[in-house]
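Reading through the structure tokens given below for one structure.
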Amino acid sequence: MASRRPRPTSRDLRAIETKANIAHAALGLFAQNGFAGTSSRTIAQAAGVSNALLFYHYPTKGDLLRGIIEHHATFGAEVAEVVTRLGDQPLAVVFGIVVTRFVALLASGGTEAQFFRLMLIESQTSDDHFAVMESLIGRASESLGNYLRSRIAAGEVRPDAGPDTAVRMLFGALALHVMTSPRTTAVDHRARSTAFAEEVVDIMTRGLVQPSAARAG
């Protein structure tokens, strides 16, 4: 019989809460001031902890980035949940929900959107940031890639389609839109992003779906 894990102590729970608070403070400051413009001291002050405690939990800024992903990045988990729940649904349905979630999370102009923009830029010049960016979208990419393989097996998607390439094309188009969209009001930005995402889904679905499956639909 498998041994039970020991219940977390109050000290363990405080440590988890402290790590989450530090990551939350770092997220806002990174999004507002950039990585170079944010000192560890500033993060510690915003989180209400000492420098020593910050470095105990997050020895480097790279560790802080991974902490932010752990505590705040929900898109990959949301995509995995969509695929688990609707994995037998047609491509247009699943892709449509995924891009809607993407727009809601990243095109709102909030802190998460600002952080995502920053990560896209920084990942081009920093190997550490690139690795974190890969982990940011990795779970979503893996889930959608496996979903496309299941739709190939089901006869909906062309067997010669490259699932991983298709997923990168989808996220690449959405990420580029986030980076290049004009800074308008949040409502207008969301409307533009939603319309763009719907067009991307339509184009990709037409390119991926088997002709026979399209006629049947």
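The values are calculated or read from the model by the stated rules, or taken from the named source; none is laboratory data. It should be emphasised that the depicted structure is a prediction, and the values quoted were computed from it without experimental measurement. Heads up, the Cβs are rebuilt from the backbone with ideal geometry, glycines too, and the neighbour counts pull from every protein chain shown. For accessibility, only protein heavy atoms count, side chains too; no ligands or nucleic acids. Shrake-Rupley method; radii C 1.70, N 1.55, O 1.52, S 1.80 Å.
Looking at Arg158, Arg139 in this structure, which one is within 25 Å of His71 (Cβ to Cβ) and either open to solvent by less than 60 Å² (accessible area, probe 1.4 Å) or charged (D, E, K, R) (or both)?
From the options Arg158, Arg139, the qualifying one is Arg139.
If you take the residues of the stretch 97-121 that are of a type outside the set (A, V, I, L, M) and either at pLDDT 90 or above or under 12 Å from Phe75 (Cα atoms) (or both), which of them is most open to solvent (accessible area, probe 1.4 Å)? So that I can check it myself, show each step before the final result.
First, the residues of the stretch 97-121 that are of a type outside the set (A, V, I, L, M): 100-102, 108-112, 114-117.
So of that shortlist, the ones also either at pLDDT 90 or above or under 12 Å from Phe75 (Cα atoms) (or both) come out as 100-102, 112, 116.
On the way: Thr100: 87, Arg101: 69, Phe102: 11, Glu112: 72, Phe116: 12 Å².
For the stretch 97-121, the residue satisfying everything is Thr100.
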For this session: Quick one: in the stretch 67-88, of everything that is open to solvent by 40 Å² or more (accessible area, probe 1.4 Å) and either in contact with a strand residue (DSSP E or B) (Cβ under 9 Å, 6 or more places away or on another chain) or at pLDDT 85 or above (or both), which residue is nearest to Phe55 (Cα to Cα)?
Result: Glu81
Problem set entry | Among (1) modelled with pLDDT of 75 or more; (2) out of contact with any strand residue (DSSP E or B) (no Cβ under 8 Å at 6 or more places or on another chain); (3) crowded, with 19+ Cβ neighbours inside 10 Å, the one test that Leu91 misses | (2)
Problem set entry | Selection count, the stretch 55-101, where residues are under 15 Å from the mean Cα position of the chain (by Cα) and among the charged types (D, E, K, R) | 5
Problem set entry | Scope the stretch 32-66; condition among the β-branched types (Val, Ile, Thr) and open to solvent by 10 Å² or more (accessible area, probe 1.4 Å); matching residues | Thr42, Val49, Thr60
